[in-house]
Every structure is written in structure tokens, then in C-alpha cells.
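Report on the following structure.
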Amino acid sequence: MTGALLRVTRAASPALLLRGGGGGALLIWALLTPGFLSRLSLLSMLSAISFVGCVTVGMGFITISGNIMSLALGATVSAASVVFMASLGAGLVPAVLIALLFGAAITAAQGVVVGYFRANAILVSIAALTLILGIAAHLTGGERIYPGGDGFAFFKGRIWMLPFETWLFAGCALAGQAILSFTRIGRDIIMTGSNREAARTVGVDVPIAVIAAYAIAGATSALAGILLAARYGSGDMDIGGGYEYRAIAAVLVGGIAIRGGAGSVLRGCAGVVVITVIEMVLRLRGYGEEWQYLITGLVLLGVVMAQSEGTRR
Amino acid sequence: MLLSARGIGKHYGPVEVLRDVSLSVRAGEIRALCGENGAGKSTLVKIITGNQPADSGEITIDGVVATIRSPADAQKLGIALVSQELSLAPNLSVLDNIWLGNETVPLWHRRRALAERARAALDEVGLEGLRLDRQVGTLGIGRQQLVEVARMLTRDARILILDEPTATLSDVEIAHVFEALRRLRARGHAIIYITHRLGEVFEVCDSVSVLRNGALVGDAATGAIDRAGLISAMLGRELGELYPPPRAAPADGRPALSVRALAVPDMVHGIDFSARAGSLTCLAGQIGSGVTEALRALCGLNEAATGEFTIGGRRVPLRSVGRARAAGVRFISENRAGEGIFLRLTIAENLLCGQLRRFSRGGLLRRRAMRTIAGELAAAVAVRPARLDVVAADLSGGNQQKLAFGRIIDGAMPGVLLMNEPTRGVDVGARAEIYRLVRRFCDEGWCVVMASSDLEEVMGLADEVITLYRGRVVRQVGRAAVTMHGLLADITQQQAA
């Protein structure tokens, strides 16, 4: 009897149990919260999920490529919002493309340093973060940037009940997952994250795979920046503050392996949903921001510890 | 009997890993412990050294029942393990390493006395000339291993367990280890010696215990058993010939590969050789002779390599894995976990990892075709296709190495297969399978070049042998002219006794 029980618990990894149990508990807790199913809170959650979700898709690529995370993605979101607003004078489509390219380029540059020079990814991202903030402060003078043109009003609308940004986020997540599962560069990224040396010996161009992962992360972060700027009608360097932490939290909660080489973009998106629901429930129940930080931190700590247990041999 | 384990049984969950196993060793005896991977050797060692509790059975030391609940208990009883992964701190001195973690050293101690005892222990293992202030990381692996043994001696270990100490050593270093073992035996230590190299069992051990599937299937004096008997005890069947016969017809003589003035700074000083299609050429040399570095350079894995490398008359650029692969070069590493296999990816992913280009149309992958081919590749290298979704980490070393062979079959013309110690850490049954695979690649027209420091393997397998010493070629000889004596003399540059 106890033997059978032991076998069942052993078969399911602790991380899986934690996830299943935690997810169920969270769902019940959310449904018991008055106002959770109201139109207003659902819409506001969808928007929040979409903004953080875009960054999470990108962060997932960096994690899966074996480089843990980039601390510069939040600043990239902000900088892209500024670039988007400033270049709106050239028209909406060019402005979107410019902002996406801008995000991809500055993040790919981190990928070059990490991929070719094998520099420590976290330290490189700290340097990049500082550079982005410094240069942006110089160029914007710390000012908010208002649109140099219009035509993005429909960004604030809804299509089939759902906010515009939710559709774009869904597209972004599906595209990211498709790249990972169905393309060669996607498999190269997974192999590189799984075992960099083995990838090299079977002929994967490891630096290119790393750079591709970073470029994708930059582009999805820039997308978040564009959507945020459109929603708020202006761009500034604080707009994406903290997004990198929420994205890495989502990556971890969703169960993308922090050591790289395993996991999927969609799992990261599930992580975003969990984190956003926790925040919303706490807010609806009247807990202050300090409680939101505390609870999110505890959840994260639990997930990290469960992951460590699961990989110990 | 110094150490005697009787009726040891052990389960991991529902799996019985040891069943009524008995093992004893006298003072002044070296006992080999043999068995395939998974036979239960390491579990038995873990029980004796207090890293795992036994479910049943008892261990006596000097006839007294001993309770070993932790590694500390084992240490107090004089049991010490030298494992493959050395536990030395490379940046500390020999002296510091010997006393590191020794709980009998008081906080306030006389360094002089410690130095004297360390000296005595080093002398005992044959390291008379070694200075105590030498940094351990600057020693060769063989001498590091002996330092580790000396460390055990300062802890008054009377029962030494050595787990594959020679797996990564060159022949000269192995000779040193053997000399030290014989000396320890003469002083009345009891030694349990785990090895995959069967030659060593007969060379240095007095007796041998064989485990198979968790049960003791053989216990004999080494004089009373022969090599074939030992192998069939380990496998539970006749192995047949370990080495497949060479091809009856000689290779067509067409030089497939030619290397001129290949150099790697400090390691390889301009070597020339050629190898034929359809034949197996061995680069034989000790660690430090440059065989490994030369091979890696040809794969494009060394960024500082220079020289001229041609395949079928066409020049292959060095220093680029991608371009070497495009020219038909494939590589199999000895370091499976480090660079050979994606341990956390599945068998199917491992088999296809080098050939995604075949399935890619405009960057998109054709998943169904990939699945089919992965099944075929698994079958081709005798891995059960039903297990395609099993993670590679769950496979034995031999099966992991078979994946490395499987991924080479990519529909391209037979090219050049470069292998570095492909059977390191692989047990004898899987080893025979790998040798047959290698021979099959030769028969299909591949030009196979293998670096090996295992002379027995070189003798048994090679069509042609190139010996290296300190980064230079000594000789290139055909199979018929190869002798163990000649090889040993070549790679050590000493007259073999």
C-alpha cells in the first residue's frame, strides 16, 4: 500500500506535483475571489498578460539557448516604445518595422558578445542594460516621447471581444513556438542550449544560434514596447521597467529548464498567466503591492527549489 | 579475511540490484571486481564505503561485524575509495591535498609532522621524487591518482577500493600505478580493483569476483580462469570474437585522406600521414603524444591548427567544423557527456542532430520524414527503435556511443570517420558491438581513423597503425607487421623489456 503510494509519488516529479497542485489551488482561489470574473478585471488581465507575454516569449528563447536570461529586455521594451513613437512620422508600418528591427539589433548585439566571445550572459545583459539606459537618457533628456504621427488608434480597440494586443501576443507566441519546433534554427537553438560543445561537434553554428535567439528576444520585446506605447499614447524609458523580472519569473513558473535545452515557448506563456492571475487576485482582495511582491517571490522560490530537486542525481 | 561481505542484498524501489552477493579480500591480496555496466559493482562499492545502506547481509572486518552507516564510519574502519573522479583540489599543494578534509588534524598542528607523514605515504606509493609544495594540478592524472592513494594511506586505510583507476591513463602511468599497487600488497593492504580492461585483471590481480545482473557469478584465483572464461562469466554467454576479422580483400589502395605538416602549438609538431578508404587506421600514442589533438584538429575543433589536409585530393580547410563536415568528415568523441551526446534530448533528436539540413526545406523541418529516418538509424546501430523518445541520459555508455555512430549515417557518400577513444568507459559486450559497427563503416567504404591509447584495442582492430611520440610520427606500419613490443617501444621511446 505504502509501496504503491511511494511509486506513484516517485513517478511524478516533485516539480510536476507542485505545478498540478499549485495550478488547481490557484484556480479555485481565483474563482472564489469576488470580481475576478468581471469584464473589467478579465480585460485588464488579458492586456497585462499580452505585454509581459511578448517579453516572455523572447526570454524563453534566451533561456532555452542556454543563456539563462537577459536583464536588458525591460529596457529594450522602453527604448522600443520611444523609437516607435519618435518614428511614427514616417508612417505606422515603417514605425513598427523600425522599432522591431531596433529591438532585434540591440539584443542581437548582446548575442554576438555571448555567442562569439563566450562572455557571461548575465553580465553582458547588465552592461547592455546600463548602455541602453545611458544612451536613452542622453537622447531623450528623460522626457516622455509623444507620437510624431497618428494612425495607431485601432491598437486600442478590440477584435472579437479581445484587446488588440492579445491577438498580437497570441500570434507572437504561436510564431515563437513554430520557430522552435518546426525550423532548423529552432532545433539548433535547442541543441546549443542542451550541450554547447556537442552542438559544435555536430556542426551547429553555435554563435549564430545564440545570436538568433537573442534577436528573436529583442524583436518580441520591441513588440511589447510598441503595444505599450500605443496603449498609453506615449513612449518613455520607464514603460517597460520590471518586465525582465516578470518574464523570467514566468519562464521559471512555466517550467522552462533554467539550464537550457528544454521547454517550450507555450510553457512560458502559461507561466505568465499564472503570475498575472496571482497578482490580480491579490489586488482584488485588497492586498497592497508589497504583498504582491512577497507572494510572487515565494512562488518563484518554490519553483526554483522544485527544479533543483528534479535535476539532482 | 581482512574484509568480508556476506549475503549482501539491495533493492532500489522494486528493482533488485544486488542479490546475495559475497565478496572477501585478505590482507596482501588484490581482488579484481568485474562486470558489465549495471551489474551492481558500484552499488556494492557504495555499500562497503557507507554511501548506501544494504537491505540484507553483513560486513565483517578482521572477523568482527562492522556497522557502516556513513562514509565517516567506513573511513574509521580503514576503508578508502579512490574513484574515477578524483577529489583533489588542483590549485593546492600536494601536502595540503593529502591533509585536506582529514578530521584528525587538530586546528593547532605541527606542519613538520604532517609533512613527514605525507612524505612517508608518498614514498609508499612510489612518488619518492615528488615535492610536497608542488601544485597538484600540474601533475599528470596518473600521479594525481597516486597522490589520492597516498592521502588514503595517511588516513590509515587498510582496505583500498580503486574504481577504474587506469581508464584515463597512458601505459607508462599505468605501469606506475601497478608498481604502487604491488608495493601496497606487499605491505599487507587489501585492495579491491574495479576495471573494464581485462588484461589488467591477469597482470596485477590475485583473484577476481564477477558480478552479473546483481549476482555473484564467479569467484576465482586469476591463475584458475582464462580470459575467455572471464568474459563469458561477465556476459553469461560466449562473446565470440571481440574483434571482428579484417576485410578479406585488401583495401583498394586509393589514399582517401592525406595530412601534411599538421601542427598544433605545443602539442603536435608537424605530422604527415595518409589513410585509405575502406580501412581502419589507428593513431596510437600515450596521453600527451598529440594523437587526440591531431584528430581534433582534423575535425576543425582546434582554432590554432595549421597544415595541409586533403580528402580525395581536395583540400579541406582546418579550423572550421562546418567546412570539415561539408568535406565529409565526421567525428566521434570519447567525452560523451561533455561533447558527444545531448544527454537531455531524446534518442531521435540525438540521431538526427547533425543532419537537419536533409529535412529542411526553406528552413522548415519535415517532421514525419525525420521520424522515419530516426527509426531506421536506430535500427542500423542496434538501438531499439521503440525507444526513440527515451532521453539519452537513461542509456548505458555503450548505447550512447551507438547513437554517435548512428548520427553519422546521413545519406551522404562514405567519407572520413574520425574517432577519439570511442570505447572509453564502454563495457566489453557493447565494445564488441561497436567494433563490429566500425568494421561495417569500413566495409561500406568509409576511411576510418581512430585515436587510441589502448594498445590491445589497436592490436586487435587496426589495419594500419601510426605511432606518435611527443607530437611527432614515429612509424606507420601495416597490420601484419604490428607487435605489442614494437608499439610499446614506439610510443614510449624506450626499449620495451
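Protection proxy ranking of B:133-141, B:63-71, by the mean of other Cβ atoms within 10 Å over each peptide's residues and highest first, is B:133-141, B:63-71. Built from the Cα atoms of the range A:38-311, the convex hull projects on average onto 14.6 nm², one quarter of its surface area.
Applying a length cut-off of 20 Å (Cα extent along the axis) and a mean Kyte-Doolittle floor of -0.5 to the DSSP H helices of chain A leaves A:14-31, A:39-62, A:92-117, A:121-140, A:164-182, A:206-232, A:265-284, A:289-311. The distance linking the range B:308-329 with the range B:137-187 is 42 Å (Cα centroid to Cα centroid, whole angstrom). Of all DSSP bridge pairs formed entirely within the protein assembly as shown, close to 60 percent run antiparallel.
Seen from A:Ile68, the other residues with C-beta closer than 15 Å to its C-beta sum to a net charge of +2, counting Lys and Arg as +1 and Asp and Glu as -1.
The protection proxy used here, the mean number of other Cβ atoms lying within 10 Å of each residue, ranks peptides B:210-216, B:320-326 as follows, highest first: B:210-216, B:320-326. Taking only the Cα atoms of the range B:340-411, the radius of gyration and Dmax are 11.4, 37 Å.
Charge dipole (Cα centre; +1 on Lys/Arg Cβ, -1 on Asp/Glu Cβ; no other charges) of the range B:3-235 amounts to roughly 540 debye.
When only Cα pairs below 8 angstrom with a gap of at least 6 residues are kept, chain A shows a relative contact order of 33 percent. Spatial offset of the range A:107-174 relative to the range A:243-293 amounts to 19 Å, using the alpha carbon center of each. Mean residue ellipticity, 222 nm, helices only, chain A: the sum of -39500 (n - 2.57) across DSSP H runs of n ≥ 4, divided by residue count and rounded to 500, is -25000 deg cm²/dmol. Restriction of the GluC sites (Glu not before Pro) in the range B:95-149 to DSSP coil positions whose beta-carbon has at most 14 other beta-carbons within 10 angstrom yields B:Glu103, B:Glu128. The phi torsions of the range B:326-334, fed into the Karplus equation with coefficients 6.51, -1.76 and 1.60 and a -60° offset, translate into couplings of 4, 7, x, 8, 10, 10, 10, 9, 7 Hz, rounded to whole numbers, with Gly and Pro shown as x.
Positive end of the dipole of chain B, charges at C-beta (+1 Lys, Arg; -1 Asp, Glu), about the Cα centre: which of B:Ile332, B:His485, B:Ala72 has its Cα farthest in that direction? The listed residue farthest towards the positive side: B:Ile332. Net charge dipole, the protein assembly as shown: roughly 1320 debye, given to the nearest 20, about the Cα centre with Cβ charges of +1 for Lys and Arg and -1 for Asp and Glu. With all protein chains in place and a 1.4 Å probe, the accessible surface of the range B:340-411 carries 52 percent carbon and sulfur.
Which is farthest toward the positive dipole end of chain B among B:Thr292, B:Val474, B:Leu242, measuring Cα position about the Cα centre, with Cβ charges +1 (Lys, Arg) and -1 (Asp, Glu)? Among B:Thr292, B:Val474, B:Leu242, the one farthest towards the positive end of the dipole of chain B is B:Thr292. With both residues required to sit in chain B, DSSP beta bridges show an antiparallel share near 55%. All Cα-Cα separations within chain B were binned at 10 Å from zero, giving a P(r) of 4, 17, 26, 25, 18, 8, 2, 0, each value a whole percent of the pairs. When the Cα positions of A:Leu228, A:Leu282, A:Cys269 are compared along the charge dipole of the range A:210-313, A:Cys269 comes out farthest toward the positive end, with charges on each C-beta of Lys, Arg, Asp and Glu. How high is the relative contact order of chain B, given as a whole-number percent (alpha carbon pairs under 8 Å, six or more residues apart)? Computed over chain B, the figure is 15 percent. Among the GluC sites (Glu not before Pro) found in the range B:436-496, those both in a DSSP coil and sparsely packed, with 14 or fewer other Cβ atoms within 10 Å of their Cβ, are B:Glu444.
Contact with the other protein chains removes 50 Å² or more of accessible area, compared with the isolated chain and a 1.4 Å probe, from these residues of the range B:323-361: B:Glu339, B:Phe342, B:Arg344, B:Leu345, B:Leu356.
For B:Arg212, the residues whose modelled amide H falls within less than 5 Å of its own, excluding neighbours fewer than 5 places apart on the same chain, are B:Val217. Its Cα centre serving as origin, the range A:38-311 has a Cβ charge dipole (Lys and Arg +1, Asp and Glu -1) of approximately 460 debye. For the range B:3-235, the relative contact order comes to 29 percent (Cα pairs under 8 Å, sequence separation of at least 6). Here r is the Cβ-Cβ distance between B:Arg314 and B:Ala369 and R0 is 51 Å; the resulting FRET efficiency, rounded to 0.05, is 0.95.
A simple spin-label model places pseudo-atoms 7 Å from Cα toward Cβ; at A:Leu37 and A:Phe117 they are separated by 5.6 nm. For chain B, the per residue solvent-accessible surface stands at 43 Å², with DNA, RNA and ligands left out and a 1.4 Å probe. Evaluated on the protein assembly as shown, the Kirkwood hydrodynamic radius is 30.3 Å, with distances taken between all distinct Cα atoms.
The values are calculated or read from the model by the stated rules, or taken from the named source; none is laboratory data. Remember, it's a predicted structure, so these values are computed and weren't measured experimentally. Here Cβ is always computed from backbone atoms with ideal geometry, including for glycine, and neighbour counts include all displayed protein chains. Note: accessible area is taken over every heavy atom of the protein model, side chains too, but ligands, DNA and RNA are not part of it. Shrake-Rupley method; radii C 1.70, N 1.55, O 1.52, S 1.80 Å.
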